[in-house]
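Structure first, then comments.
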Amino acid sequence: MSLPERAVKVCLLGIAQDGGRPQPACFKSCCAPAYDDPSLVRHPVSLGLVGADHSTHLFEATRDLAWQFGCWSRNDPVDGPLSSLWITHAHHGHVDGLGLFGSEAISAKGLPLHCSASFARLLTKNTSWAQMMREGVLAPRPFLPGNSIIPYAESGFSITPIKVPHRAELSDMHAFVISGPKANLLFLPDHDSWQETLAAVGCDEIRGWLGDLKVDIALLDGTFWSSDELSHRQQDLVPHPPVEDTLERLGERRDGDPRVVFIHLNHTNPLHDLQSDEAKKVISCGWEIGVEGMVFDLSSAPQSS
């Protein structure tokens, strides 16, 4: 007996940068309280998507899969095994849970893995991942060249990968546009700079690009608040557009603008504290800071700003 059709929804399963919060070995003021207070813990960025046919689709394979599946189930109850996995790029926090799909834990069989061609090649070079391939755990489905639309017609959505500039030591980076029945969502957890990304997509400004994509919700890279946030290492070696820069480019939210939600927050980012002056500035401009467990309904028409 088939299940009745349901709304297509996306659940935000993590808002932190790859290291999470607290970040391992950090005992400074940004992380120390989170060791003692579980409510302050934040998990590496991830999304869960449920289709109209109740199929389930996970974005990123983090080491916190158990907690994230629990968060997903609490906020948008799901049934059955995972239907597909999507990977943006090969940086550690986005893939360090991939081995959990093997025989030691989930023991998946033939799980469709949507990824770029360069990431698919990386799978064959990594010893443990290659073993999972031989065992039939993963079934890579590399994107076709260009920004190809990948339809899940029976599930009520489609996905368009968009290549964006980001450190490509191991694989390239793709953002995803998830197009539902009545709303579209952009998932852009990482990129190097707005200057490079806008040049790559042929746009002059963020607002224009989001308009061209026809997105109603944009989950954007908010790794650092400012360009001088890191005191213990060179910040230009881990490039991300600071939230200050994004706010300067966007200004205040206007009529017709999509929702902009900042995610992928480094453990040093003051936006983790929603009472901070920095968080209040984001909110006063009409934008949002990601909260784990947020659900975005892509089957409902977006509300006007």
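Residue check: Trp129 meets all listed conditions (1) closer than 18 Å to Pro189 by Cβ; (2) more than 21 Å from the chain's Cα centre (by Cα); (3) among the aromatic types (Phe, Trp, Tyr) but one, namely (1).
Scanning region 58-104 for residues that are more than 16 Å from Cys11 (Cβ to Cβ) and without any contact (Cβ under 8 Å) to a residue 12 or more places away in the chain gives a single hit, Glu104. For region 14-56, filtered to residues that are in contact (Cβ under 8 Å) with a residue 60 or more places away in the chain and not in a loop (DSSP other than H, G, I, E, B), the residue that is nearest to Ser2 (Cα to Cα) is Leu49. Evaluation of Cys30 against the conditions (1) within 30 Å of Ser299 (Cβ to Cβ); (2) surrounded by fewer than 20 Cβ atoms within 10 Å (Cβ to Cβ) shows that the sole unmet condition is (1). Within the set Leu271, Leu250, the sole residue that is over 22 Å from Pro44 (Cα atoms) and either at pLDDT 95 or above or in contact with a helix residue (DSSP H, G or I) (Cβ under 6 Å, 6 or more places away or on another chain) (or both) turns out to be Leu250.
One residue alone among His43, His89, His57, His94 is over 21 Å from Asn269 (Cα atoms) and modelled with pLDDT of 90 or more, and that residue is His57. Consider region 251-297 and keep the residues that are of a type in the set (D, E, K, R) and within 17 Å of the chain's Cα centre (by Cα). The one that is farthest from Pro189 (Cα to Cα) is Asp297. Give me the residue from region 184-210 that is among the small types (Gly, Ala, Ser) and touching a residue at least 12 places away in the same chain (Cβ under 8 Å) and, out of that set, surrounded by the most Cβ atoms within 10 Å (Cβ to Cβ). Across region 184-210, the extreme among qualifying residues is Ser193. Look at (1) surrounded by 13 or more Cβ atoms within 10 Å (Cβ to Cβ); (2) out of contact with any strand residue (DSSP E or B) (no Cβ under 6 Å at 6 or more places or on another chain); (3) touching a residue at least 40 places away in the same chain (Cβ under 8 Å); (4) part of a loop (DSSP other than H, G, I, E, B) and you find that His166 fails only one, number (2). Contact annotation: residue pairs with Cβ atoms under 6 Å, 6 or more positions apart or on different chains, pairing a residue in region 262-289 that is at negative phi with a partner that is acidic (Asp, Glu), are Thr268/Glu229; Pro270/Glu278; Leu271/Glu278; Cys285/Glu252.
The values are calculated or read from the model by the stated rules, or taken from the named source; none is laboratory data. Predicted model only: the values in this text are computed from it and were never measured. Glycine also receives a Cβ, built like all others from the backbone with ideal geometry; neighbour counts cover every protein chain displayed.
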